[in-house]
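This report refers to the structure that appears directly beneath it.
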Amino acid sequence: MPYRRELAALRRAGRLRRRRLFDPTLVDFASNDYLGLAEKSKRLKKAVKLLETFPSHGPKASMLVNGYHPIHQLFETRIAALNGFEAGIVVGSGFLANLALIEALVRKKDRLFIDEEYHASGMMATGLLHDRVTLFSHNDPEELRRLLRSDDSERKIVAVEGVYSMSGERTAREIFDVADEEGALLIVDEAHSSGVLGEHLLGIFEHYGIAPGPGHIKMGTLGKAYGSYGAYILASRHIVEYLENRGKPLIYSTAPSVIDTALALENLEYIRTHAKKLDRRLEKRRRIVQEILGIEMQSQILSLRVASDVEALRLQERLTQEGWLVGAIRRPTVERPILRIIPRLGSPTKELRRMLLFLKKEAK
């Protein structure tokens, strides 16, 4: 048992993690399935029907050998067109997408400027860059501007999230302006904003009314609002071609799951045709949160700070006993522990009201 002491220390601190199979009868306010599409069996059946029109259903190899499937191409073309980008490329996961973007784009004479609260996958990727990384204060466009102007690197790349996964906070609109004005490439991780923000639920670019330009790169995942698994990168054809040749997680990984991509394609079309109705339902849940807790949500993530890791687990367990599942997020994922609650469409509004009222009383 070579890691006994480390595990014991985590247990004492209330930070030990385990995979769990939760009771399926619990009302889900924990998952990132914002639109409830992961529970729509009709969409899955349509995806399978589409897949059955092709001779193979598995990727079989890297995309650059012969694993690139027509369904991959259909999805890339469709999501790029809907979002106003020239080209797209599917990726096995959001984690791999961030690794590919950061490791490939930031060359020896370049510098990455990354928000200090960027996702762990991006932070892990910065370890491959040695001294070519500058962190800037969370959501601070003025500090970013100062740092960019004082740097003489050949290329400057900025990385932010459309919606920050733990706080639910939107990235500042001014950051787009700063990146454009200073001639920096801008990577926007839209894992938690695509399918949630914007008139057509396309994400933070649409929410702010920003037409994608040649210096903009959008990364998103399929395992959240799109109810499937995998990821995608949208950019200019030039950058996508470069990633095909230098993005190691794209070159050396088996191509993404074909059935998952087919399901994401079906769900993408569902969101496109039902966007107004879905948006109204999302807004209704945000209004309930504001009515009961007095919190105006910037996204579909409700982040509530608690006193300790142990208290986060206690509150999660109390809610579970009452029939509701929420996330208890502890250090080191967050600086201070939180309850992370998702007012998702797959769970009834009456249960959301009951849960929030119970929590308000329990947390006093």
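The residues of the range 206-229 that are open to solvent by 10 Å² or more (accessible area, probe 1.4 Å) and either of a type in the set (Lys, Arg) or in contact with a Pro (Cβ under 8 Å, 6 or more places away or on another chain) (or both) amount to a single one, 224. Go over the candidates 98, 32 one by one and state the one that is open to solvent by less than 10 Å² (accessible area, probe 1.4 Å) and among the polar types (S, T, N, Q). Only one candidate qualifies: 98. Looking at 32, 66, just one residue is free of Cβ contacts under 8 Å to residues at least 40 places away in the same chain and in contact with a Lys or Arg (Cβ under 7 Å, 6 or more places away or on another chain), and that residue is 66. For the condition touching a strand residue (DSSP E or B) at 6+ places or on another chain (Cβ under 7 Å) and closer than 20 Å to residue 58 by Cβ, residue 253 qualifies.
Filter the range 252-268 down to the residues that are open to solvent by less than 50 Å² (accessible area, probe 1.4 Å), touching a residue at least 60 places away in the same chain (Cβ under 8 Å) and within 20 Å of residue 77 (Cα to Cα) and list them by number. 255, 256, 257, 258, 261, 262, 263, 264, 265, 266, 267, 268, listed by residue number. Selection within the range 99-125: residues that are within 20 Å of the chain's Cα centre (by Cα) and β-branched (Val, Ile, Thr). The member of this set that is nearest to residue 249 (Cα to Cα) is 102. Those helices (runs of 4 or more DSSP H) of the range 1-91 in which at least 2 residues are more than 30 Å from residue 314 (Cβ to Cβ), considering only elements entirely within it, cover 41-51, 70-83. Kindly evaluate residue 235 against the criterion of being farther than 30 Å from residue 39 by Cα and surrounded by 24 or more Cβ atoms within 10 Å (Cβ to Cβ). So residue 235 fits the description; yes. Would you check if residue 30 is within 26 Å of residue 285 (Cβ to Cβ) and at pLDDT 95 or above? In short, yes.
Scanning the range 92-115 for residues that are part of a strand (DSSP E or B) and of a type in the set (A, V, I, L, M) returns 112, 114.
In the range 35-63, the residues that are farther than 25 Å from residue 248 by Cα and at pLDDT 95 or above form Cβ pairs under 7 Å with partners that are open to solvent by less than 30 Å² (accessible area, probe 1.4 Å) and of a type in the set (Ser, Thr, Tyr), at six or more places apart or across chains, as follows: 37/226.
Being without any contact (Cβ under 8 Å) to a residue 24 or more places away in the chain, open to solvent by less than 50 Å² (accessible area, probe 1.4 Å) and either of a type in the set (Phe, Trp, Tyr) or closer than 30 Å to residue 285 by Cβ (or both) is a condition met by no residue of the range 153-165. Residues of the range 106-130 that are surrounded by fewer than 23 Cβ atoms within 10 Å (Cβ to Cβ), in contact with a helix residue (DSSP H, G or I) (Cβ under 8 Å, 6 or more places away or on another chain) and of a type outside the set (A, V, I, L, M, F, W, C): 119, 121, 126.
The values are calculated or read from the model by the stated rules, or taken from the named source; none is laboratory data. Please read all numbers here as calculations on a predicted model, not as lab measurements. All Cβ positions, glycine included, derive from the backbone under ideal geometry; neighbour counts span all protein chains shown. These area figures cover heavy atoms from the full protein model, side chains too; ligands, DNA and RNA do not enter into them. Shrake-Rupley method; radii C 1.70, N 1.55, O 1.52, S 1.80 Å.
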